[in-house]
Amino acid sequence: MLQDALTALRAGDLSAAAAALDRALVATPDRSDLLTLRAFVDLQIRDTAKAEAGFQAALAHDPNQIDAYLALAHMAWARGDRKDAEKHLAYAKRVDAQHPRALVLDAWMAGSDGEADRSLALLHAAAKRTQSDPMVLAALGLGLLERRHYAFATEPLRRAIDLSPASPALRAALIAAFDAQGHLDLSFAEALSWRAVQPESLLAHWHHARLLALLGRLDESVAELDGLLANAPRHAEALELAIRLRGRLGGTQAVVADLEARVAADPAWSLPWRLLLGLVEAGDVAAMVRRWHAAAPDSGEAEEVAALLAEQEGRVAEAIDHAERGIALEPLLTEARLLLARQALSLPPEAAVARVQDLIAAASTPEQARALQGWLGQACHRAGRHRDALLAWRRMWTDGPAFGLPLPNPEPAESARPAADGGDGRLLWGLPGSRIERIQAVLMPALGGRLLLDRWHAPRRDDGFNLFRAGPADDRGGTALRWRSALEGAGLVPAAVVDALPFWDGWTQAMLHGTTLVVVLRDPRDLLLNWLAWGSSLGLGFPAPDVVAAWLHRSLEQLVAAEADPRVRVERIDADLLDSDPAALSARLQVIFDLPTAPDPTPALLLGRGPSGLPNDFPAGTWRNYAEPLQGLFAPFAEIAVRLGYPAE
C-alpha cells in the first residue's frame, strides 16, 4: 500500500495517494512516517488544518520525526508566525541541526533580518547536503535570482524543475533568469517545455505569447493571446499586449474594433473601457465616459472616471457624488479619494483640514493614506498651520517605501574632457519646482519640431545626456559628436534646435560648449518648498530635506559658475512672471528664441491650475511663510539667492 501511495504521488495523483495511505494507516495506525506522508498529501491538497493535525499526530507517536517538525516550521513561516516557526525549527535542530530544510528556514530568517550574505551562504550549504530535494534547490535558485545572480540561479532552478516539473513558480523564475541575461531563445524553449508539461497552465501560455512577441513573431503571438483570452477573458496583461500588437499589425481601427467587442461582451470589466478612452479624440472623451457609466452602473471605476469628468467640467456636486459612490463600490480606488480631498479645500480652512484628516482615517490602504497626506499639507498651508503642513508633506514622501527617481549627480565642468568641436543651438533646462513644464507648454506651439522633448519620455534619444547617464570617465558618456550625430541622423539642424534637458550640470555645458543654456529659474527657497509640496514634473524623489537642499545648492553653484564664465552663454527665464506679468514673460521668450511674435502664455496659465481650479504650485515668495521652521535649510541659500538676483530675506 505504501508503494501504491508513492507511485501515485510520482504521477501527481493526490487522491489516489491519499486513499492508499489511508488504507495503510488502517493496518498500521501508529506509523509516524505514514502519518507524516499523509499530512504532506493534505498540504499539497491545501487542507492546511488537516495537514497540521497530521504532523502533530506523527510527532505524538515519534518525537524525533524531523520532517514533521520542519513542515510545521515552514507552515508557520508561510503564515507569518515567526515565533512558532522558530519553536518548531529548534525542535528539528535537536534531531539534525544541519538538515537541508532547517538550513533553508534559517536562511529565510537571516534574509528577513537583512543578513543577505549569511542567508545566501546558508542556502548554498543546504544545497550541498542534498541533490534530490526540489524545495531546497528551488530556495537556492530563487535566492540567487532575488540577488540578481541570474546566471548562477539557472542551474538550481533547472534541477528543481527536473525533480518537480509541474511547479509554475519555478518555471516562471527560470524564464525570468534567462530574460534578465537576454537569452530569449532559452526563455522561449523553457516556455515551450512548460506548455507541453502543463497545457492547461494560463501562465505558461502567457509567457509563450510574450516571448513570441519579443522574438518578432507578432501574428503567432496575437493568435496565442487570443486563445489565452478565450480561456481567461479578464487576463489584463494578455489584453494589453494583444492590443499593442494588433495596433502594430492592423492599426487603430483594428484595436478599436477588438475593444468594442470586449466592452459589449463584458461591460463590467474596466480595462477595455480605459484602453478605449486612450484612443478617442479629446472631444469624444466625455461621451465615452458617459457611455461607460451607463453600461456599467455597478462599476466603481466607471463612477471614478465620471467623477473626474464632472470635476473637470465644473460640476462639483456631481463629482463628489460619483466619487463617493465609486469608493462605496470599490474601496481601493485612490483617484476618487484624492478628488474628495481636493474639493475639501473649498471649505473654510479648519473645516478643510478636518475633512482631509477624516479621509486619511478612512483610507483603505497605507498607499491611499500616504497620497492624501499631500492634500492635508495643502489644507494646513491654507489654514496657516505651516509646521503641520511640513509634517504632512514629509509623511507623503516617507510613509512606506521610497518612491520617485533617484537624484542624478551634478558633475562640475572640471570633470569634462571636451573635444574641440562642441554643440550648437540651445539647451532648455529648469530645476524641480521651477515651472519648466509650463514654459515648455508655451514654447511647444511656437517652436514646433524645433523643441525636442524626447528625453522626457520613451523612446529616448541615446546620446549620453539623459537623466541617467554614464560617468565622466566612462567611454559610454555623452560627447558633442554623439549629440550632433543623433540630431543630424533625425534630419535636424543642431543650430536650430532647442534641446529640453531633464538634467544639466557643469559637465554637460563643458561637453556641449558652443550651445546656449536657457535656464528657467525661481528663488532657490521657492524651488525647495515647491518640490517638497508638489513634487517635480520629472518624477524625482525627495529623499530628505537636507539631501535635497544640498543637491539644489550644488546645481545652483554650477549654474552661477557657468554664468560667470565668459565662454558660456546663459539666458534666464523668470518663471515668476507667470504670476505677475505673463505678457512680459512672452516678450522675453520671443527675444531668447528669436520668435517672429510673442508666444501665447495661455498654456502655461492653464497648467498652473488643477482640475478643481486650485493652483498646482505656490506663488513667488511663499517660502517666507516657512522661514522659521525651515530656517536651517534656507539659511545656506541666502548667499546664492542674492548672487542670482533674489533678496536675502
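How many residues does the range 314-347 hold that are open to solvent by 20 Å² or more (accessible area, probe 1.4 Å) and in a loop (DSSP other than H, G, I, E, B)?
8
Out of all the residues in the range 368-381, is one or more in a loop (DSSP other than H, G, I, E, B), open to solvent by less than 80 Å² (accessible area, probe 1.4 Å) and either in contact with an Asp or Glu (Cβ under 8 Å, 6 or more places away or on another chain) or within 18 Å of Asp617 (Cα to Cα) (or both)?
No, the conditions are met nowhere in the range 368-381.
Sort out which residues of the range 255-270 are open to solvent by 30 Å² or more (accessible area, probe 1.4 Å), part of a helix (DSSP H, G or I) and among the acidic types (Asp, Glu), and write them in order of number.
Glu260
Consider Gly608 against the criteria (1) modelled with pLDDT under 95; (2) out of contact with any Lys or Arg (no Cβ under 9 Å at 6 or more places or on another chain): it satisfies all of them except one. Which criterion is unmet?
Result: Gly608 passes all but (2).
Before we move on, is Val498 within 27 Å of the chain's Cα centre (by Cα) and at pLDDT 95 or above?
No.
Please name all residue pairs, on different chains or six or more residues apart, with Cβ atoms under 6 Å, provided the first residue is in the range 634-649 and is free of Cβ contacts under 8 Å to residues at least 40 places away in the same chain and the second residue is open to solvent by less than 60 Å² (accessible area, probe 1.4 Å) and in a loop (DSSP other than H, G, I, E, B).
If the second residue must be open to solvent by less than 60 Å² (accessible area, probe 1.4 Å) and in a loop (DSSP other than H, G, I, E, B), the pairs left are Ala638/Ala648; Val642/Ala648.
Cβ-Cβ below 9 Å, separation at least six or inter-chain, first residue in the range 587-611 and more than 30 Å from Glu313 (Cβ to Cβ) and free of Cβ contacts under 8 Å to residues at least 60 places away in the same chain, second open to solvent by less than 70 Å² (accessible area, probe 1.4 Å) and among the β-branched types (Val, Ile, Thr): which pairs?
Arg588/Ile573
Within the range 231-254, identify whether any single residue is more than 27 Å from the chain's Cα centre (by Cα), closer than 24 Å to Arg291 by Cα and open to solvent by less than 30 Å² (accessible area, probe 1.4 Å), and answer yes or no.
Yes - at least one qualifying residue is present in the range 231-254.
What is the number of the single condition among (1) in a loop (DSSP other than H, G, I, E, B); (2) touching a residue at least 60 places away in the same chain (Cβ under 8 Å); (3) open to solvent by less than 30 Å² (accessible area, probe 1.4 Å) that Leu407 does not meet?
Exception for Leu407: condition (3).
Give Ala641, Ala583, Ala575, Ala587 a once-over and let me know the one that is among the hydrophobic types (A, V, I, L, M, F, W, C), within 34 Å of the chain's Cα centre (by Cα) and under 26 Å from Leu427 (Cβ atoms).
After ruling out the rest, the residue left standing is Ala575.
Looking only at residues that are open to solvent by 40 Å² or more (accessible area, probe 1.4 Å) and in contact with a helix residue (DSSP H, G or I) (Cβ under 8 Å, 6 or more places away or on another chain) in the range 633-645, which one is modelled with the highest pLDDT?
Applying the filter and picking the extreme gives Arg643.
Would you pick out the residues in the range 228-257 that are closer than 21 Å to His208 by Cβ and polar (S, T, N, Q)?
Once the filter is applied, which keeps residues that are closer than 21 Å to His208 by Cβ and polar (S, T, N, Q), the range 228-257 yields only Asn231.
Of all residues being open to solvent by 70 Å² or more (accessible area, probe 1.4 Å) and without any contact (Cβ under 8 Å) to a residue 24 or more places away in the chain in the range 536-572, which is farthest from the chain's Cα centre (by Cα)? Just the residue, please.
Pro566
Quick one: would you say Leu137 is assigned to a helix (DSSP H, G or I) and open to solvent by 10 Å² or more (accessible area, probe 1.4 Å)? Step through it out loud before you land on a result.
Details: assigned to a helix (DSSP H, G or I): yes; open to solvent by 10 Å² or more (accessible area, probe 1.4 Å): no.
Answer is no for this residue.
Any residue that is in a loop (DSSP other than H, G, I, E, B) and modelled with pLDDT under 95 - is there at least one of those in the range 544-560?
yes
Considering (1) assigned to a helix (DSSP H, G or I); (2) at pLDDT 95 or above; (3) surrounded by 15 or more Cβ atoms within 10 Å (Cβ to Cβ), say which one Val591 fails and leave the rest.
Here Val591 clears every test but (3).
Kindly establish whether Leu578 is open to solvent by less than 70 Å² (accessible area, probe 1.4 Å), in a helix (DSSP H, G or I) and farther than 28 Å from Gly514 by Cβ. Step through it out loud before you land on a result.
Details: open to solvent by less than 70 Å² (accessible area, probe 1.4 Å): yes; in a helix (DSSP H, G or I): yes; farther than 28 Å from Gly514 by Cβ: yes.
Yes.
Restricting to the range 449-475, name every residue that is among the charged types (D, E, K, R), in a loop (DSSP other than H, G, I, E, B) and either surrounded by 14 or more Cβ atoms within 10 Å (Cβ to Cβ) or free of Cβ contacts under 8 Å to residues at least 12 places away in the same chain (or both).
Of everything in the range 449-475, those that are among the charged types (D, E, K, R), in a loop (DSSP other than H, G, I, E, B) and either surrounded by 14 or more Cβ atoms within 10 Å (Cβ to Cβ) or free of Cβ contacts under 8 Å to residues at least 12 places away in the same chain (or both) turn out to be Arg460, Arg461, Asp463, Arg469, Asp474, Asp475.
List pairs: first in the range 23-47 and more than 25 Å from Ser164 (Cβ to Cβ), second of a type in the set (A, V, I, L, M) and open to solvent by less than 40 Å² (accessible area, probe 1.4 Å), Cβ under 6 Å, 6+ apart or cross-chain?
Close Cβ pairs (under 6 Å, with a partner that is of a type in the set (A, V, I, L, M) and open to solvent by less than 40 Å² (accessible area, probe 1.4 Å)) amount to Leu25/Leu34.
I'd like to know if the range 174-183 contains one or more residues that are out of contact with any Leu (no Cβ under 8 Å at 6 or more places or on another chain), assigned to a loop (DSSP other than H, G, I, E, B), modelled with pLDDT of 90 or more and surrounded by 16 or more Cβ atoms within 10 Å (Cβ to Cβ).
yes
Assess whether Val280 counts as being over 22 Å from Leu332 (Cα atoms), open to solvent by less than 60 Å² (accessible area, probe 1.4 Å) and free of Cβ contacts under 8 Å to residues at least 12 places away in the same chain. Walk me through how you get there before you give the answer.
Numbers: over 22 Å from Leu332 (Cα atoms): yes; open to solvent by less than 60 Å² (accessible area, probe 1.4 Å): yes; free of Cβ contacts under 8 Å to residues at least 12 places away in the same chain: yes.
Yes: the conditions hold for Val280.
The values are calculated or read from the model by the stated rules, or taken from the named source; none is laboratory data. None of these values were measured; they are calculated from a predicted model. Glycine also receives a Cβ, built like all others from the backbone with ideal geometry; neighbour counts cover every protein chain displayed. The area values use the complete protein model at the heavy-atom level, side chains included, leaving out ligands, DNA and RNA. Shrake-Rupley method; radii C 1.70, N 1.55, O 1.52, S 1.80 Å.
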